[in-house]
Amino acid sequence: MKAFSLVVLAIALLSGCTTQKLLPKYNSETLQVKALTPKTLVHVTYLNTNQWGRVPCNGMIYYNNGEAVVFDTPPNDSVSIQLIDWIENNLKAKVKAIVVNHFHGDCLGGLNAFHQRGIPSYANQLTIDLAKTQNTAVPQNGFNGVLNLKIGGETIENRYLGEGHTKDNIVSYVPSEKVLFGGCMIKENNAGKGNLADANLGDWPKTVAKVKAQYPDARFVIPGHGKWGSKKLLDYTMELFKP
């Protein structure tokens, strides 16, 4: 009987490993997709800048039950098309929404490609207001405070907690995967302060402290640029911008 129980346990563990198998990866000169958890991936694209050169930019993909949501677009429409096609062809998922973290080009530079494919876009209302003052695409649907999106039956939370990298920056959280997309408000370990053109340096560490308190169960934290990690990235960011 004991031997039978051990066999059953072994089968269950093997089945669990199979269901937890990480998703496929993709690598080209303009787009990389890297698995983070079984249902979340990081997409990495590149923004050409005068000050910092070719900058890698992080976004996130969550998919479940044949549906997907993308967080932040690539910097241009051609790479956005490449990303949407990859999700549909490799994850076999329909992109149901694109969520924009803030109004800079590394978040919405490729937004028109999503609109042309009939994919609705969502952003903080402040982001929409700021985007309208720029020569850029404008997100379609605004929210104040919190926006919950249902993707494949799971709820994804998008929340504005205050100013930091910009006055409109939000964070997005996938409770089922314990993944927090912090965007450019969160810095990778040992990073410098980066682009401060639209920053609120006084509020920045206070807002990150609110993020940390709001999502105590976060296991993975994705910054806007560089290597993702644990909640220690929140602590590093608060220390970096401490008055």
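The values are calculated or read from the model by the stated rules, or taken from the named source; none is laboratory data. The structure displayed is predicted, hence computed values, not measured ones. Glycine gets a Cβ as well: all are built from the backbone with ideal geometry, and neighbour counts include every protein chain shown. Keep in mind that these areas ignore ligands, DNA and RNA; they rest on the heavy atoms of the full protein, side chains included. Shrake-Rupley method; radii C 1.70, N 1.55, O 1.52, S 1.80 Å.
For residues that are in contact with a Lys or Arg (Cβ under 8 Å, 6 or more places away or on another chain) and either farther than 14 Å from C184 by Cα or open to solvent by less than 30 Å² (accessible area, probe 1.4 Å) (or both), tally how many sit in the stretch 47-58.
Narrowing the stretch 47-58 to residues in contact with a Lys or Arg (Cβ under 8 Å, 6 or more places away or on another chain): 47-48.
The next check asks that each one be either farther than 14 Å from C184 by Cα or open to solvent by less than 30 Å² (accessible area, probe 1.4 Å) (or both); those that pass are 48.
Residues meeting the conditions: 1.
Could you look through the stretch 126-176, keep only residues that are acidic (D, E) and over 23 Å from A113 (Cβ atoms), and pick out the one that is farthest from the chain's Cα centre (by Cα)?
Per the stated criteria, the residue is E163.
Report the residue count in the stretch 59-78 for those that are open to solvent by 10 Å² or more (accessible area, probe 1.4 Å) and either charged (D, E, K, R) or in contact with a His (Cβ under 9 Å, 6 or more places away or on another chain) (or both).
Within the stretch 59-78, residues that are open to solvent by 10 Å² or more (accessible area, probe 1.4 Å) and either charged (D, E, K, R) or in contact with a His (Cβ under 9 Å, 6 or more places away or on another chain) (or both) number 2.
In the stretch 34-76, which strands (runs of 3 or more DSSP E) lie fully inside it and hold 1 or more residues that are more than 19 Å from N90 (Cα to Cα) and not acidic (D, E)?
40-49, 53-64
Wholly within the stretch 140-243, which strands (runs of 3 or more DSSP E) include no fewer than the required count, namely at least 1 residues that are open to solvent by less than 10 Å² (accessible area, probe 1.4 Å) and touching a helix residue (DSSP H, G or I) at 6+ places or on another chain (Cβ under 9 Å)?
Per the criteria, 171-174, 179-183, 220-223.
For E67, work out the one condition from (1) out of contact with any Gly (no Cβ under 7 Å at 6 or more places or on another chain); (2) of a type outside the set (A, V, I, L, M, F, W, C); (3) under 18 Å from Y173 (Cα atoms) it doesn't fulfil.
(1)
Could you tell me whether any residue of the stretch 16-28 is basic (K, R), in a loop (DSSP other than H, G, I, E, B), in contact with a Leu (Cβ under 9 Å, 6 or more places away or on another chain) and at pLDDT 95 or above?
no
So, N90, is that one modelled with pLDDT of 95 or more, open to solvent by 50 Å² or more (accessible area, probe 1.4 Å) and in contact with a Phe, Trp or Tyr (Cβ under 8 Å, 6 or more places away or on another chain) or not?
Working: modelled with pLDDT of 95 or more: yes; open to solvent by 50 Å² or more (accessible area, probe 1.4 Å): yes; in contact with a Phe, Trp or Tyr (Cβ under 8 Å, 6 or more places away or on another chain): yes.
Considered against the rule, which asks whether it is modelled with pLDDT of 95 or more, open to solvent by 50 Å² or more (accessible area, probe 1.4 Å) and in contact with a Phe, Trp or Tyr (Cβ under 8 Å, 6 or more places away or on another chain), N90 comes out as yes.
Show the residue pairs meeting these rules: Cβ distance below 7 Å; 6+ apart or different chains; first residue within the stretch 90-103 and on the phi > 0 side of the Ramachandran plot and in a loop (DSSP other than H, G, I, E, B); second residue surrounded by fewer than 20 Cβ atoms within 10 Å (Cβ to Cβ) and at pLDDT 95 or above.
So the pair list comes out as K92/G66.
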